[in-house]
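**Q** This is the structure I have questions about; it appears just below.
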Amino acid sequence: MNKQFDVIVIGGGPGGYIAAIRAAQLGMKVACVDEWKNKQGGPALGGTCTNVGCIPSKALLQSSEHFDQARHHFADHGIAVTGLSLDVGKMVDRKDTVVKQNNDGILYLFKKNKVSFFHGRASFVRVADGAYEIKVSGASDETLLGQQIIVATGSTARALPGTPFDEEMILSNDGALRIGAVPKRLALIGSGVIGLEMGSVWRRLGSNVTILEALPDFLGAVDEQIAKEARKAFDKQGLKIELGVKVGDIKTGKKGVSIAYTNAKGEALSLDVDKLIVSIGRVPNTIGLNTQAVGLKLDERGAIEVDDACRTSLPGVWAIGDVVRGPMLAHKAEEEGVAVAERMAGQHGHVNFNTIPWVIYTNPEIAWVGQTEAQLKAAGRAYKAGTFPFMANGRARALGDTTGMVKMLADAATDEILGVHIVGPMASELIAECVMAMEFRASSEDIARICHAHPSLSEATREAALAVEKRTLNF
Ligand code: FAD
Ligand code: NAI
């Protein structure tokens, strides 16, 4: 007999597993189907984020940062390190342990919330009496019936045309997270989020890293002043970034990878490296879903077409996360998952796209929420800007980490905060206060009047708010 559910969630990444838990909390009978396998062939819930994305990359960023600190910065604190050595195998094993803790944590959460989990690939079979028949192909095949479906099948790395990933020399994010020894020479194509994060990991561990980027501007989506400050820091660290390049033929041989490219001046060059990471964006993943069986509509990018509320072209079928429009971020996927579950329960689920934070976990970290100066100018919106450098923040000086600044943009007339842009220490944590302020439609004066602990990096946010009115106290 078919197993019947109120909701079947396809995909157990941050979008899917959170949607499943929220729907179960709201009293629905929920199944979640996910096909990711760990090394032993068992389930590995958490999707791209947990297995080959957010979590493992942050584990390696942390380990490599410790190494870099010990190598270059402990001496500033009077700590001499002799005989420093690196065990990449152990570092990668630690990362795998962190991933497994997260995989197991989600399985536990499913049990706790009574979500039925099926390990295998889900595909649409047909609509029968208003319910959707879903086939699960896994260790044992199953047929499930769901009144409503949430598709949360995520995304996969985009390959360069004619250069498929072999995960030995031409690596996607997957291979980039399990390189077994430090490559002497490493190239990355694309200086977006993955390019900068993974480039940073391997540079810190000793690789000679070159990033080739097609666009003429560095981090075009980031506020220009912040991107410039970050670029200065990366240049100082020895991360080579070439902008405005056109990548040509890529050849692999016994000695490594040879990349032909034309630089911004139009000169034909070639770069020889041991490994190449291709980080040129990701594509929505609908492989194996058999969308044609039920007529689920995709858009021109291959993403599942949805409206503002994540409703697809089919009644009772919703889609969330990387497989639909919008930024490819774990927390965006989670927000959509919660909102959809609440809408199914007749509540008013809501995602505010204006207050989704972005973080790039480099050193310095880059984080922002809301609009950049360029966007405000383009929209003709009158604004005031306040900046405060970490150089003038006592905690940053004590940490020995004074690169960067906090920049706040507020409406010229109402003082409502329109955007906050941070480059510097713990920007990933500092941005939370700014997101909350914007969610409550706070003014810069509101932040300026809030008591912030001393000494703390958060005082730089308050000072940036004071700077909007040109009345900083410590600069
Ligand atoms: P996914 O996480 O991709 O999950 C989809 C799941 O569905 C997978 O488990 C897949 O196996 C499963 N699936 C697909 N098709 C089927 C099917 N037919 N049947 C059954 N199961 C199926 N975002 C951040 O916010 N912060 C970060 O720091 C960050 N770091 C990243 C670092 C890297 C290297 C990468 C690649 C991405 C990073 N991201 C980060 C992006 C983040 O991982 C994604 O935005 C997020 O995982 C999207 O969640 P999702 O649930 O939509 O899809
Ligand atoms: P990205 O979109 O961030 O960057 C891709 C870069 O590659 C762009 O700068 C683009 O101009 C460049 N590019 C594209 N084609 C090119 C070509 N042929 N030659 C040279 N350059 C080319 O994509 P990325 O870094 O692959 O990451 C994918 C997504 O994963 C991110 O957009 C983000 O949504 C998510 N992610 C989020 C992280 C975070 O939140 N900290 C960390 C890592 C990934």
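The values are calculated or read from the model by the stated rules, or taken from the named source; none is laboratory data. On a predicted model such as this, the values are computed, not experimentally measured, just so you know. Cβ coordinates were reconstructed from backbone atoms using ideal geometry, including for glycine residues, and neighbour counts include every protein chain displayed. With ligands, DNA and RNA removed, areas are computed over all heavy atoms of the protein, side chains included. Shrake-Rupley method; radii C 1.70, N 1.55, O 1.52, S 1.80 Å.
**Q** For the chain, what does the relative contact order come out to in percent, with C-alpha contacts under 8 Å and a separation of six or more?
**A** Values: 1035 pairs, mean separation 66.9, N = 475.
After rounding, I find 14 percent.
**Q** With every protein chain left in place, what is the accessible area per residue of segment 130-176 in square angstrom, probe 1.4 Å? Don't skip to the answer; put the middle values down first.
**A** Details: 1900 Å² over 47 residues.
Accessible area per residue: 40 Å².
**Q** In segment 163-196, which residues have a backbone nitrogen under 17 Å from the label point lying 7 Å from residue 240's Cα in the Cα-to-Cβ direction?
**A** 183-191, 196
**Q** Would you please name the GluC sites (Glu not before Pro) within segment 136-186 that are DSSP coil residues with at most 11 other C-beta atoms within 10 Å of their C-beta?
**A** In loop regions of segment 136-186 (DSSP not H, G, I, E or B), the sparsely surrounded GluC sites (Glu not before Pro) are 168.
**Q** Just tell me which aspartates and glutamates come within less than 12 Å, Cα to Cα, of residue 39; anything on the same chain fewer than 8 places away is out.
**A** Within reach: 96.
**Q** Follow-up question, since we're still on this one. What does the charge count near residue 261 come to, summing +1 for each Lys or Arg and -1 for each Asp or Glu among other residues with Cβ under 11 Å from its Cβ?
**A** Values: positive: 246; negative: 213, 242, 249, 267.
Overall, the nearby charge balance is -3.
**Q** Starting from the alpha-carbon convex hull of the chain, give the projected area averaged over all orientations, in nm².
**A** Working: hull surface 101.3 nm².
The directionally averaged projection comes out at 25.3 nm².
**Q** For residue 251 and residue 399 in the same chain, what is the full-extension length gain: residue separation times 0.36 nm, less their Cα-Cα distance, in nm? Could the numbers behind the result be given before it?
**A** On the way: separation 148, 0.36 × 148 = 53.28 nm, distance 4.47 nm.
Contour length minus Cα-Cα distance gives 48.8 nm.
**Q** Is any helix in the chain, taking whole DSSP H runs, at least 24 angstrom long along its axis by alpha carbon and on average at least 0.5 on the Kyte-Doolittle scale, and which ones? Intermediate results must be reported in sequence, preceding the final value.
**A** On the way: long enough: 88-113 (38 Å, -0.68).
Sorted by number, there is nothing, because no helix extends far enough and scores high enough.
**Q** Suppose we keep just the DSSP beta bridges with both residues in the chain; what percent of those would be antiparallel, to 5?
**A** On the way: 55 of 87 bridges.
Rounded to the nearest five, the antiparallel share is 65 percent.
**Q** While we're here: Specify which residue in the list 473, 84, 354 is farthest towards the positive end of the charge dipole of the chain, using unit charges on the beta carbon of Lys, Arg (+1) and Asp, Glu (-1), about the Cα centre.
**A** Among 473, 84, 354, the one farthest towards the positive end of the dipole of the chain is 84.
**Q** Straight-line reach from residue 255: which aspartates and glutamates fall under 19 Å, measuring Cα to Cα and dropping same-chain residues less than 8 apart?
**A** 166, 167, 168, 272, 274
**Q** Given the protein chains as shown and a 1.4 Å probe, how many square angstrom of residue 106 are accessible, to the nearest 10?
**A** 10
**Q** Protein chains only, probe 1.4 Å: how do 49, 32 rank by accessible area, largest first?
**A** Details: 49 20, 32 0 Å².
So, going from the largest accessible area down, we get 49, 32.
**Q** Calculate, for segment 355-468, the solvent-accessible area per residue in square angstrom, rolling a 1.4 angstrom probe over the heavy atoms of the protein chains. If you can, show how the numbers build up before the last one.
**A** Details: 4570 Å² over 114 residues.
Ligands and nucleic acids excluded, the result is 40 Å² per residue.
**Q** Just going by the charge dipole of the chain, with Lys and Arg at +1 and Asp and Glu at -1 on Cβ, which of 169, 260, 382 is farthest out on the positive end?
**A** 169
**Q** Could you compute the net charge surrounding residue 237? Neighbours are other residues with a C-beta less than 15 Å from the C-beta of residue 237; K and R count +1, D and E count -1.
**A** Overall, the nearby charge balance is 0.
**Q** Using the heavy atoms of the protein chains and a 1.4 angstrom probe, tell me the accessible area per residue for segment 277-339 in square angstrom. Each step should come with its number before you reach the end.
**A** Details: 2560 Å² over 63 residues.
It amounts to 41 Å² per residue over segment 277-339.
**Q** Add +1 for every Lys or Arg and -1 for every Asp or Glu among the other residues with Cβ under 14 Å from the Cβ of residue 346, and state the total.
**A** Working: positive: 22, 343; negative: 6, 342.
With Lys, Arg at +1 and Asp, Glu at -1, the neighbours total 0.
**Q** Hey, another quick one. Where the centre of each part is set by its Cα atoms, how far does segment 28-44 sit from segment 59-134, in angstrom?
**A** 16
**Q** Right, something else. Just to be sure I understand: if I project the alpha-carbon convex hull of segment 170-280 onto a plane and average over all orientations, what area do I get in nm²? Each step should come with its number before you reach the end.
**A** Details: hull surface 26.7 nm².
If I average the Cα hull's projected area over directions, I get 6.7 nm².
**Q** Just to be sure I understand the model, the point goes 7 Å from the Cα along the line to the Cβ. What's the resulting residue 100 to residue 3 distance in nm?
**A** Placing both labels 7 Å along Cα→Cβ, they lie 2.6 nm apart.
**Q** If the cut-off is a Cα-Cα distance under 25 Å, which lysines reach residue 114, setting aside same-chain residues fewer than 8 apart in sequence?
**A** Output for residue 114: 3, 29, 37, 100, 135, 332.
**Q** Run the accessible area of segment 355-468 with a 1.4 Å probe and give the carbon-and-sulfur part as a rounded percent.
**A** Numbers: 2470 of 4570 Å².
Carbon and sulfur together cover 54 percent of it.
**Q** Leaving out ligands, DNA and RNA, what percent of the accessible area of segment 38-99 is carbon and sulfur, probe 1.4 Å? Mind showing how you got there, number by number?
**A** Working: 1770 of 3280 Å².
About 54 percent, which is the carbon plus sulfur part of the accessible surface.
**Q** If the viscosity is 1.002 mPa s and the temperature 20 °C, what Stokes-Einstein diffusion coefficient in µm²/s follows for segment 355-468 when Rh is the Kirkwood radius over Cα pairs? Don't skip to the answer; put the middle values down first.
**A** On the way: Rh = 13.7 Å.
Answer from the Stokes-Einstein relation: 157 µm²/s.
**Q** Still on this structure: First measure r as the distance between the Cβ atoms of residue 112 and residue 139, then evaluate 1/(1 + (r/R0)^6) with R0 = 35 Å and state the FRET efficiency to the nearest 0.05.
**A** Working: r = 24 Å, r/R0 = 0.67.
My answer for the efficiency is 0.90.
**Q** Work out the length of the dipole vector of the chain about its Cα centre, built from +1 on the beta-carbon of each Lys and Arg and -1 on the beta-carbon of each Asp and Glu, and round it to the nearest 20 debye.
**A** Numbers: 52 positive and 54 negative charges, 165 e Å.
In total the dipole reaches around 800 debye.
**Q** Sticking with this structure for a sec: Between the alpha-carbon centers of segment 353-382 and segment 258-310, tell me the distance in whole angstrom.
**A** If you average the Cα positions of each part, the centres end up 24 Å apart.
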